[in-house]
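Visitor: Just dropping this structure here.
The values are calculated or read from the model by the stated rules, or taken from the named source; none is laboratory data. Note that this is a predicted model, so its numbers are computed, not measured. Cβ atoms come from the backbone with ideal geometry, glycine included; neighbour counts cover every protein chain shown.
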Amino acid sequence: MKKIIGLVLLMLLLISAASTNSINENYLHTIQGTWELESFYNYDGQDVIDTVPTADGYRQVKMYYKGKVMWTRYVPVDKVGRFGYGTYNISGDRLTETLEYGDNEMIQAMDTMRIFTFELQLSNDRFSQISLDEEGNRTFSENYLRID
């Protein structure tokens, strides 16, 4: 009888250990992965007043992995691609990207601005990076869809 009770307790212990090692639900809300820009929002300071979809042929993709960010953009009218690379950090509802390297235009732009901080709204398969003015009012956002 002691062996049966011991086996039952061992099975309960193994079952409880297996259930605590299941997929971490916070993983589903991670920004780590590959994202494609699907639209822009314009704000009146707090609320969305206009949604602008991406133009035909326009493509912007961001990849986040282990504190690193890389983005690339292709604008068909310019027939030129752009890219940037750097680090990112999430603190509360803020996403901060610090660019370290990029194409020629990005390197020139980095002389004046290389750290970008956004309000972050993140769900399982979508995120928005919302730009704020100096008073903390929302101005516009880029809205992304998870593709990986």
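Visitor: Could you tell me whether any residue of region 80-103 is free of Cβ contacts under 8 Å to residues at least 60 places away in the same chain, basic (K, R) and over 15 Å from M70 (Cα atoms)? Working first, answer last.
Guide: Residues of region 80-103 that are free of Cβ contacts under 8 Å to residues at least 60 places away in the same chain, as a first pass: 80-94, 96-103.
Then keep just the ones that are basic (K, R); that gives 82, 94.
Pick out the ones that are also over 15 Å from M70 (Cα atoms) and you get 94.
Yes, region 80-103 contains at least one residue that is free of Cβ contacts under 8 Å to residues at least 60 places away in the same chain, basic (K, R) and over 15 Å from M70 (Cα atoms).
Visitor: Would a scan of region 108-123 turn up a residue that is part of a strand (DSSP E or B), surrounded by 14 or more Cβ atoms within 10 Å (Cβ to Cβ) and out of contact with any Asp or Glu (no Cβ under 9 Å at 6 or more places or on another chain)?
Guide: First, pick out the residues of region 108-123 that are part of a strand (DSSP E or B): 115-122.
When the remaining residues are screened for being surrounded by 14 or more Cβ atoms within 10 Å (Cβ to Cβ), the result is 116-122.
Now narrow it down to the ones that are out of contact with any Asp or Glu (no Cβ under 9 Å at 6 or more places or on another chain): none.
No.
Visitor: Identify all residues within region 53-76 that are loosely packed, with under 12 Cβ neighbours inside 10 Å and either acidic (D, E) or in a loop (DSSP other than H, G, I, E, B) (or both); write none if there are none. Talk me through it step by step, then tell me what you get.
Guide: Taking region 53-76 first, the residues loosely packed, with under 12 Cβ neighbours inside 10 Å are 53, 55-57, 66-67, 76.
Of everything in region 53-76, those that are loosely packed, with under 12 Cβ neighbours inside 10 Å and either acidic (D, E) or in a loop (DSSP other than H, G, I, E, B) (or both) turn out to be A55, D56, G57, K66, G67, P76.
Visitor: Next up: Please state which one of Y101, Y144 is touching a Leu at 6+ places or on another chain (Cβ under 8 Å) and assigned to a strand (DSSP E or B).
Guide: Details: Y101 fails: touching a Leu at 6+ places or on another chain (Cβ under 8 Å).
Sole residue among the options that is touching a Leu at 6+ places or on another chain (Cβ under 8 Å) and assigned to a strand (DSSP E or B): Y144.
Visitor: Might you let me know whether region 115-138 holds any residue that is touching a His at 6+ places or on another chain (Cβ under 9 Å), small (G, A, S) and under 19 Å from L37 (Cα atoms)? I'd like the intermediate steps shown before the answer.
Guide: Let us first name the residues in region 115-138 that are touching a His at 6+ places or on another chain (Cβ under 9 Å), namely 122-124.
Checking the rest, the ones that are also small (G, A, S) come to 123.
Pick out the ones that are also under 19 Å from L37 (Cα atoms) and you get 123.
Within region 115-138, one or more residues are touching a His at 6+ places or on another chain (Cβ under 9 Å), small (G, A, S) and under 19 Å from L37 (Cα atoms).
Visitor: Filter region 137-148 down to the residues that are at pLDDT 95 or above and more than 10 Å from the chain's Cα centre (by Cα) and list them by number.
Guide: Keep residues of region 137-148 that are at pLDDT 95 or above, which gives 137-147.
N137, R138, T139, F140, S141, E142, I147, listed by residue number.
Visitor: Any residue in region 98-106 that is of a type outside the set (D, E) and either at pLDDT 95 or above or under 18 Å from S141 (Cα atoms) (or both)?
Guide: Just the residues of region 98-106 that are of a type outside the set (D, E), to begin with: 98-99, 101-102, 104, 106.
Within this subset, residues satisfying the condition of being either at pLDDT 95 or above or under 18 Å from S141 (Cα atoms) (or both) are 98.
So far as region 98-106 goes, yes, one or more of its residues are of a type outside the set (D, E) and either at pLDDT 95 or above or under 18 Å from S141 (Cα atoms) (or both).
Visitor: Tell me which of these K62 doesn't satisfy, since it passes every other one: (1) touching a residue at least 60 places away in the same chain (Cβ under 8 Å); (2) over 15 Å from F127 (Cβ atoms); (3) among the basic types (K, R).
Guide: All conditions are met except number (2).
Visitor: Follow-up question, since we're still on this one. When you look at Y88, is it in contact with a Leu (Cβ under 9 Å, 6 or more places away or on another chain), part of a strand (DSSP E or B), of a type in the set (S, T, Y) and crowded, with 16+ Cβ neighbours inside 10 Å, yes or no? Give the steps one after another, and end with the answer.
Guide: On the way: in contact with a Leu (Cβ under 9 Å, 6 or more places away or on another chain): yes; part of a strand (DSSP E or B): yes; of a type in the set (S, T, Y): yes; crowded, with 16+ Cβ neighbours inside 10 Å: yes.
Here the answer is yes, as Y88 does meet what is asked.
Visitor: Say whether the condition of being over 19 Å from the mean Cα position of the chain (by Cα) and under 17 Å from Y41 (Cβ atoms) is met by at least one residue in region 110-133. Lay out the reasoning, then the answer.
Guide: So the first thing to find is which residues in region 110-133 are over 19 Å from the mean Cα position of the chain (by Cα), and the list is 110-113, 133.
If we keep only those that are under 17 Å from Y41 (Cβ atoms) as well, we get 133.
Within region 110-133, one or more residues are over 19 Å from the mean Cα position of the chain (by Cα) and under 17 Å from Y41 (Cβ atoms).
Visitor: Just for region 52-84: of the residues that are among the β-branched types (V, I, T) and under 22 Å from F116 (Cβ atoms), which one is modelled with the lowest pLDDT?
Guide: First, the residues of region 52-84 that are among the β-branched types (V, I, T): 52, 54, 61, 69, 72, 75, 77, 80.
Retained after the next criterion (residues that are under 22 Å from F116 (Cβ atoms)): 52, 54, 61, 69, 72, 75, 80.
Numbers: V52: 95, T54: 93, V61: 98, V69: 98, T72: 96, V75: 88, V80: 81.
Per the criteria, the residue is V80.
Visitor: Here's something else I'd like to know. Take I130 and tell me if it is under 26 Å from D148 (Cα atoms) and assigned to a strand (DSSP E or B).
Guide: Values: under 26 Å from D148 (Cα atoms): yes; assigned to a strand (DSSP E or B): yes.
Criteria met by I130.
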